[in-house]
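Heads up, the thing below is written out as structure tokens.
The values are calculated or read from the model by the stated rules, or taken from the named source; none is laboratory data. Given the structure is predicted, the values throughout are model-derived calculations rather than measurements. Note: ideal-geometry Cβ built from the backbone for every residue, glycine included; neighbour counts use all protein chains shown. Note: areas computed on protein heavy atoms with side chains; ligands, DNA, RNA excluded. Shrake-Rupley method; radii C 1.70, N 1.55, O 1.52, S 1.80 Å.
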Amino acid sequence: MIHEAAVFQLADLAAVHAFTLVGAEDMDSVLPPLFDMPGADQPRPLREVLAHAAYDEAWIPDMLAGRTMDEVGRDTYDGDLLGDDPHGNIARIAERARAAAARVTDRDAVVHCGYGDVPAWDYFWQLNVARTLAAHDIARHLGAESPVSEELAKAMWEGTAPAADMWRSFGIYREEVPVRDGASWRARYLGLTGRKES
């Protein structure tokens, strides 16, 4: 398993943990935008956030196997993947995604994304950022502690800090929030993304 896929295991588990915090009474609660990029810059009900996450997770095994969306069928994962068991269904879909990620041994294997081809390591960083920030934002929105561990935060900081300006140019990271000397890795990573730890 390549390093980026190992980070994905941590990020995905953190996201799934946050998803399980969303109770039936929370599904209509509106989460502020995760990112400032077009298409992701609008507040959305948590059920819609979870539905999109399930859709994204469902594609991962095919993407990592080198298949194109046309080969798989662009509408294959359309529809309600959450059903009447949102927590169970998204956990099962995510488990398959992590299993597929664990089998990746070539960092430069081509992944055929909808917007173009990228190497596997690049695809994983996109997944890792999305899952880590969703995990944090959802948990904090619900008043729970962030599930972003020190191990995950350190890996995310080390993996994305060198390209932080690029992530900001895409509207994924926001203006950096300064943190004190000796701050935790979680505070440092969240600060890098434009978030405060609490």
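Counting only the heavy atoms of the protein chains, how much of M166 is accessible to a 1.4 Å probe, in Å² to the nearest 10?
Rounded to the nearest 10, that gives 80 Å².
Regarding the chain, what are the three Cα extents along the principal axes, ordered largest first, in Å?
For the chain, the Cα spread along each principal axis is 49, 42, 29 Å.
Let me spell out the model: positive unit charges on the Cβ of Lys and Arg, negative unit charges on the Cβ of Asp and Glu, origin at the Cα centre of the chain. What dipole size does that give, in debye rounded to 20?
Roughly 520 debye, rounded to the nearest 20.
Rounded to the nearest 10 Å², what accessible area does L13 show when all protein chains are kept and the probe is 1.4 Å?
Near enough 90 Å² of accessible area.
For T68, project a label point 7 Å along Cα to C-beta. Then give me every residue of segment 108-123 with its amide nitrogen under 17 Å of that point.
110-119
Could you please put S184, S169, S198 in sequence from largest to smallest accessible area, using a 1.4 Å probe?
My answer, sorted largest first, is S198, S169, S184.
With springs connecting C-alpha atoms under 10 Å apart, model the chain as a Gaussian network and identify which of A135, A40, A101 has the largest mean-square fluctuation.
Per the Cα network of the chain with a 10 Å cutoff, A40 tops the list.
How much accessible surface area, in Å² rounded to 10, belongs to the heavy atoms of K196 with a 1.4 Å probe?
140 Å²
Could you tell me whether segment 28-96 comes out rounded, prolate or oblate from its Cα gyration tensor? Rule is a ≥ b ≥ c as square roots of the eigenvalues, rounded for a/c under 1.5, then prolate if a/b exceeds b/c, otherwise oblate.
oblate
To the nearest 500 deg cm²/dmol, what mean residue ellipticity at 222 nm is calculated for the chain from DSSP H runs of n ≥ 4 alone, each contributing -39,500 (n - 2.57), summed and divided by the residues?
-17000 deg cm²/dmol, from helical runs alone.
Going by amide H atoms built from the backbone, whose H comes under 5 Å of the H on C113, apart from near neighbours?
Result for C113 returns V118.
Given a 10 angstrom Cα cut-off, can you work out which residue in E150, E25, E158 is the most mobile in a GNM of the chain?
Sorting by GNM fluctuation, first place goes to E25.
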